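The values are calculated or read from the model by the stated rules, or taken from the named source; none is laboratory data. Since the structure is predicted, the reported quantities are computational estimates derived from the model, not experimental observations. When we count neighbours, we look across all protein chains shown, and the Cβ atoms used for this are built from the backbone with ideal geometry, even at glycine.
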Amino acid sequence: MATRTIFFHISTLGQVALYSLAILSIVVCVYGFLRRIPLWRQGRSIPPIKDWIVRFRDLKEQMFEHRRIRRRKYAGKMHLLLFYGMLALFIGTNIVGVEHYGAFFFGQHWLYRGWFYLTCKLTLDIFGAALTVGIVMAFARRHNKRSPTLGHTAWDDGFLLLMFGASITGFLLEGAGIAADPSRAPYTAFSPIGGTIAHFMPGMTIAAYIVIWWVHMPFVLGVIAALPYGRWLHIFVAPLSIILQPERRMGALEPVAMSDVEETGRIGLGSIADMDRWQLLSLDACMECGRCTDVCPAHAVGKPLDPKKVVLDLRRLMATQSVVSTGQNGSGQTSPDSPESIFIQSTDVISDEELWACTNCHACVRECPSLIRHVDLIDGIRRYRVAEGRLSGSAATMLRQLGSRSNPWGMAASQRLEWAQGLNIPAASATDEREVLLWVGCAGAFDSRAQKTTRALAQLLQKAEVKFTILGPKEKCTGDPARRTGDEFLFQQLAESNVATLDGIQTRTVIASCPHCFNTLKNEYPQFGGNYDVVHHTEFLAKLVESGRLVLPQGFNDSVTYHDPCFLARVNGITEAPRRLLGESAIIPLIEVGRRESKTFCCGAGGGRMWMDEPADQRPGSNRAEELLATGAKTVAVGCPFCKIMVGDSMAQIAGESAPPVMDVAEVMLAALTNAQPIVQAIQQPQEVNRLEIQQAGDLNV
């Protein structure tokens, strides 16, 4: 019968010694994990978990399918080999344990025999080999042109060598067992690696087998003991980070109850204690792969922001605060008013330059295999610093204008309708029965280039005989610039005012041409009772084309490329509608840029950066403009007014008069409907180099 003896020729004393060492290694392992729990408990409690089905689905996708990890081919294959190799060997070890302890109740070889035994042996050989290959790949990755963003220490090499030792000695032990036990010889085909090694061990003695056994076991127990130390802690914490993530979708920041602010006198993340327990746990889930930094547009153009460094700095702060806050007085607590406590608790480990360099593009969040929300951390610290009066310059001026005029341009509300002259668009009321409300947005109302988008969209809706209305002077900024910059008070003031206005006219469907307005209305206004059917204008236009309400001419075929806005494509997953309009409906050959859809590269306007000073050589828009110019397309289409401004300015700076026009998708469609000729002839326009047209002269220098 195909089987093998557990503890083959290992004496009772040897088994006692093994169990003693095993218990020690498990204690060391468990301690390594448990020592982190008090660090996480420093934070605020998290809300009760509700959507467990969704969370387990996310765990399946990220942990077992490696959905995000596999985005990088080499690292993805390497991690798959490591993960499933270790998982298979762990399961195999447990099967052996069940066989061994079950023998006390069911007799010897009650489970680990016959076809089941042979299947296990073949499977473990295959996955053991996979693990070994994965270890070699990991070692090569760290020593052959290692990426500068990949975290690395001597401990990483040590752990990999420890795993390699356990893997290689495991195969040696398998071969020695086959060579020393003639009863296993007929089944060597099911242990291809072990059987091959056995051929090189003729005359293997029991004593030699026992020596190899004792060489192998310390490696295995060493791996177990070392698991929760260093970056390998993510094996335990990353699944928790994935399954306990906030219910808020990416792009929606955590709301702040003003009653809590009044009670505590604090807002934002000024210290570790201000963070919630999931945020602190997620810091430990970071494996320092550097993917977040690799995709950061601010980092790419030389700004001081490094998303990985933000996480690691906060993780060190979390551990340091815990150390300092114990044993300082009789109660084991540091006085909140002591200089030591103030220094340790402050999130000033993140500099102002790092903090406000972030564009909120969420590229880092999308890439993180552990689902860490870097943007939430950054914007949370921004809230604290704005409340402390630490924001100055052009961004502060923008906030003052937003507070006084309800728009960042500082324009009078009466000017919100100037873009609509001659279009005869009715103002919204509580009694009309219009299909939709067109949310114009501040850029669409006040910026000259964005106004062209708004007019084009309105004309398309009229051609499709859509009954729509606008708020006009009643419309205020959604508050996105305030919230992303860190002024939560101002954001909530604007949000509550707009929700009251929208509820007053019984709004049903809202069309927004600005992805930032779209995201705020759709994903953040529900936090304040504003639940509406919000669609981006490209989605709505695509439906009009599909239903036949808009019919585009054929043969309008000059080349065009499309730039995906971050808050449209990456944050909200809208990538198909604009492409259908450009590539299918209008029969325009769409030349795709390399970084597109959810991998798009930020124009640099998000996170309040639209209103902040920056050197010309540190503009993400310039980086993006070069990519778009390289496509050779005669027209660049966008789906965001901010992208139109930032990319258009950068193109004009790089290519001058030869720069292709930067047009919103709605403008391209209108040109197709009104001019049955190539785009470049129908809608060429001079490029405007200034980003904004500000009504008030002042220090708002962008």
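From the residues in region 255-264 that are touching a residue at least 40 places away in the same chain (Cβ under 8 Å) and surrounded by fewer than 17 Cβ atoms within 10 Å (Cβ to Cβ), which one is farthest from the chain's Cα centre (by Cα)?
Filtering first and then ranking leaves Met258.
May I ask you to verify whether Ala88 is surrounded by 15 or more Cβ atoms within 10 Å (Cβ to Cβ), within 28 Å of Trp232 (Cβ to Cβ) and under 36 Å from the mean Cα position of the chain (by Cα)?
yes
Filter region 136-173 for residues that are in contact with a Ser or Thr (Cβ under 8 Å, 6 or more places away or on another chain) and in a loop (DSSP other than H, G, I, E, B) and give the result.
Thr149
Hey, can you tell me all the residues within region 32-68 that are in contact (Cβ under 8 Å) with a residue 24 or more places away in the chain and among the aromatic types (Phe, Trp, Tyr)?
Phe33, Trp40, Phe56 - these are the residues of region 32-68 that are in contact (Cβ under 8 Å) with a residue 24 or more places away in the chain and among the aromatic types (Phe, Trp, Tyr).
Can you tell which of Ser346, Ser351 is farther than 23 Å from Ser598 by Cα and modelled with pLDDT under 90?
Sole residue among the options that is farther than 23 Å from Ser598 by Cα and modelled with pLDDT under 90: Ser346.
Do any helices (runs of 4 or more DSSP H) lying entirely in region 1-72 carry at least 3 residues that are closer than 30 Å to Gly177 by Cβ and at pLDDT 95 or above, and which ones are they? Spell out the reasoning first.
Values: elements: 12-34, 37-40, 52-59.
By residue number, 12-34.
Would you check if Ala2 is of a type outside the set (Lys, Arg) and touching a strand residue (DSSP E or B) at 6+ places or on another chain (Cβ under 7 Å)?
Spelling it out, Ala2 is indeed of a type outside the set (Lys, Arg) and touching a strand residue (DSSP E or B) at 6+ places or on another chain (Cβ under 7 Å).
Looking at region 70-92, which of the residues that are in contact with a Leu (Cβ under 8 Å, 6 or more places away or on another chain) and among the small types (Gly, Ala, Ser) is farthest from Ala140 (Cα to Cα)?
Taking the candidates together, the pick is Gly92.
Listed residues Ala396, Ala464, Ala456; which is surrounded by 15 or more Cβ atoms within 10 Å (Cβ to Cβ) and either hydroxyl-bearing (Ser, Thr, Tyr) or touching a strand residue (DSSP E or B) at 6+ places or on another chain (Cβ under 8 Å) (or both)?
Ala456
Can you find, within region 189-224, the residue that is nearest to Val133 (Cα to Cα) among those that are buried (at least 17 other Cβ atoms within 10 Å of the Cβ) and hydroxyl-bearing (Ser, Thr, Tyr)?
By that ranking, first place goes to Ser191.
Would you confirm whether or not region 442-449 contains a residue that is within 30 Å of Val261 (Cα to Cα), crowded, with 24+ Cβ neighbours inside 10 Å and modelled with pLDDT of 95 or more? Give the derivation first.
So in region 442-449, the residues within 30 Å of Val261 (Cα to Cα) come out as 442.
With the extra rule that they be crowded, with 24+ Cβ neighbours inside 10 Å, the set shrinks to 442.
Okay, now just the ones that are also modelled with pLDDT of 95 or more, so 442.
Looking through region 442-449, at least one residue is within 30 Å of Val261 (Cα to Cα), crowded, with 24+ Cβ neighbours inside 10 Å and modelled with pLDDT of 95 or more.
Among (1) at pLDDT below 95; (2) of a type outside the set (A, V, I, L, M, F, W, C); (3) not in a helix (DSSP H, G or I), where does Gln653 come up short?
(3)
Of the conditions (1) touching a residue at least 24 places away in the same chain (Cβ under 8 Å); (2) closer than 28 Å to Gln401 by Cβ, Gly594 clears all except one; give me its number.
Checking Gly594 against (1) touching a residue at least 24 places away in the same chain (Cβ under 8 Å); (2) closer than 28 Å to Gln401 by Cβ, the one that fails is (2).
Among the listed residues Cys442, Cys364, identify the single one that is in contact with a His (Cβ under 8 Å, 6 or more places away or on another chain), assigned to a helix (DSSP H, G or I) and not aliphatic (A, V, I, L, M).
Working: Cys442 fails: in contact with a His (Cβ under 8 Å, 6 or more places away or on another chain).
Answer to the check: Cys364.
Against the definition (surrounded by fewer than 24 Cβ atoms within 10 Å (Cβ to Cβ), in the same structural domain as Ala427 (by TED's automatic domain parsing), polar (S, T, N, Q) and on the phi > 0 side of the Ramachandran plot), how does Gln493 come out, yes or no?
no
Taking Gln108 as meeting all but one of (1) more than 24 Å from the chain's Cα centre (by Cα); (2) surrounded by fewer than 15 Cβ atoms within 10 Å (Cβ to Cβ); (3) in a helix (DSSP H, G or I), write down the number of the exception.
The number of the failed condition is (3).
Output the number of the condition that Phe200 fails; it satisfies all remaining conditions of (1) in a loop (DSSP other than H, G, I, E, B); (2) touching a Leu at 6+ places or on another chain (Cβ under 8 Å).
The one condition Phe200 does not meet is (2).
Looking at region 459-576, what strands (runs of 3 or more DSSP E) fall wholly within it and have at least 2 residues that are among the hydroxyl-bearing types (Ser, Thr, Tyr) and touching a residue at least 60 places away in the same chain (Cβ under 8 Å)? Full working, then the answer.
Working: elements: 509-512, 533-536, 560-562.
Result: 560-562.
Might you let me know whether region 678-699 holds any residue that is out of contact with any strand residue (DSSP E or B) (no Cβ under 6 Å at 6 or more places or on another chain), surrounded by 12 or more Cβ atoms within 10 Å (Cβ to Cβ) and modelled with pLDDT of 50 or more?
Checked region 678-699: no residue is out of contact with any strand residue (DSSP E or B) (no Cβ under 6 Å at 6 or more places or on another chain), surrounded by 12 or more Cβ atoms within 10 Å (Cβ to Cβ) and modelled with pLDDT of 50 or more.
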